[in-house]
Every structure is written in structure tokens, then in C-alpha cells.
Amino acid sequence: MLKISLILILLLSSSQLFASIKSEVEKIAKSDLGKNDILGLSIIHKGSETLNINGEKSFIPASTFKILASYYILEKLGADYRFKTILGYRGK
């Protein structure tokens, strides 16, 4: 996803390529990104919004959610809790 973002930033700096890039981004947004993937993109070009895909939606940043989930788990299980992992092998 980072590669796609960097490519978009580089290509959008050129006005001539903007129309073709816009249609490609819209194709990606309409495609089956994945079962749980969500795309949000808002592009403002020369002072006006030229592309808006889910720009009005609020997204929860993954890093923020990880902090909240970690806090909840520490509160419920305690700092000394260790997950038990069982590994088996039959020699084959």
C-alpha cells in the first residue's frame, strides 16, 4: 500500500497525467480490494477537490486501535499474563 501511495504522489504532481491517474484510482476503488479493505482518498488539485473516494468517512488508524487494544488486554489479563503455545511433532 505504501508503494501505491508513493506512486500516486509522484504521478499526481504532473497535470497532464492527472486525468488518466484519476480513472485508474477510481478503477482500483471500485475493484474488489479485499474482504476487509477500505480505501479513502481525497485529492485537491489547484485549490479544488478533483477526486473524493470515501473522503467523508472517518477511519480508525490501525496504530491507534493497537494502543487501545493493548491497553484493554493489559487491564483484563494483567502485565504478567503469558500466552501458552503448544507445539507438537510426530517425527514424520
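Which pairs have Cβ atoms under 9 Å, sit 6 or more apart or on different chains, and link a residue in segment 42-63 that is within 22 Å of Ile21 (Cα to Cα) to one that is surrounded by fewer than 10 Cβ atoms within 10 Å (Cβ to Cβ) and among the acidic types (Asp, Glu)? Cβ pairs passing all conditions: Ser42/Glu56.
Determine whether Ile53 is surrounded by 11 or more Cβ atoms within 10 Å (Cβ to Cβ) and among the hydrophobic types (A, V, I, L, M, F, W, C). Yes. Taking the listed residues Ser5, Ser63, Ser42, the one that is at pLDDT 75 or above, within 15 Å of the chain's Cα centre (by Cα) and either exposed (fewer than 11 other Cβ atoms within 10 Å of the Cβ) or acidic (Asp, Glu) (or both) is Ser63, with no other qualifying. Does Thr64 qualify as being assigned to a loop (DSSP other than H, G, I, E, B), hydroxyl-bearing (Ser, Thr, Tyr) and over 21 Å from Lys30 (Cα atoms)? It is false that Thr64 is assigned to a loop (DSSP other than H, G, I, E, B), hydroxyl-bearing (Ser, Thr, Tyr) and over 21 Å from Lys30 (Cα atoms).
The values are calculated or read from the model by the stated rules, or taken from the named source; none is laboratory data. Since the model is a prediction, treat every value here as computed from it, not as a measurement. Every residue, glycine as well, gets a Cβ built from its backbone with ideal geometry; the counts of neighbours run over all protein chains shown.
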